[in-house]
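Okay, so here's the structure we're looking at.
The values are calculated or read from the model by the stated rules, or taken from the named source; none is laboratory data. The structure displayed is predicted, hence computed values, not measured ones. Cβ coordinates were reconstructed from backbone atoms using ideal geometry, including for glycine residues, and neighbour counts include every protein chain displayed.
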């Protein structure tokens, strides 16, 4: 586990660590309370990948896809109101086959265990407020 404390202006420390640690195809579970900074971290990752699109939380669409000119695609999911069974029935599982990083907000432990069980690279980032910054605990 790697722990990084970073303010908003220091998010590049977290992004650089992820770029140096994660494979080109990975699923990352983002955990934290409302307004912890899950989407903000995803925005910083998108920027580092050369994605110019506005990155917003996929709260109502469940998934946003961002395609980079560098070929480093980013997929962003918000599964807040979706349990594991519903996720599977909707066919969203197949989306994880697409090359790139898949950032999952509010993913269940059941989904994470399933993905690991079928051989996906799954990381978890726990985000908590820390003074005027955030504490990022990264489990790869």
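Quick one: is residue 108 over 24 Å from residue 2 (Cβ atoms), under 15 Å from the mean Cα position of the chain (by Cα) and surrounded by 12 or more Cβ atoms within 10 Å (Cβ to Cβ)? The answer is no for residue 108. Of the candidates 92, 62, 41, the single residue that is at pLDDT below 90 and at negative phi is 92.
Only a single criterion out of (1) at pLDDT 90 or above; (2) buried (at least 20 other Cβ atoms within 10 Å of the Cβ) is not satisfied by residue 79, namely (1). Each residue in the range 1-12 was checked for being surrounded by fewer than 20 Cβ atoms within 10 Å (Cβ to Cβ) and more than 13 Å from residue 130 (Cβ to Cβ), and 4 pass. Does the range 120-137 contain any residue that is within 15 Å of the chain's Cα centre (by Cα), farther than 18 Å from residue 20 by Cα, without any contact (Cβ under 8 Å) to a residue 40 or more places away in the chain and crowded, with 16+ Cβ neighbours inside 10 Å? Scanning the range 120-137, I find no residue that is within 15 Å of the chain's Cα centre (by Cα), farther than 18 Å from residue 20 by Cα, without any contact (Cβ under 8 Å) to a residue 40 or more places away in the chain and crowded, with 16+ Cβ neighbours inside 10 Å, so the answer is no.
Taking first residues from the range 5-25 that are without any contact (Cβ under 8 Å) to a residue 60 or more places away in the chain and partners that are not in a helix (DSSP H, G or I), the Cβ contacts under 6 Å between residues at least 6 apart in sequence or on separate chains come to 13/4; 13/6.
Okay, residues lined up against (1) outside any helix (DSSP H, G or I); (2) touching a strand residue (DSSP E or B) at 6+ places or on another chain (Cβ under 6 Å); (3) without any contact (Cβ under 8 Å) to a residue 60 or more places away in the chain:
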site	(1), (2), (3)
65	yes, yes, yes
68	yes, no, yes
75	yes, yes, yes
82	yes, no, yes
88	no, no, yes
99	yes, no, no
104	yes, yes, no
112	no, yes, no
116	no, yes, yes
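Each residue in the range 13-58 was checked for being part of a helix (DSSP H, G or I), touching a helix residue (DSSP H, G or I) at 6+ places or on another chain (Cβ under 9 Å) and loosely packed, with under 13 Cβ neighbours inside 10 Å, and 1 pass.
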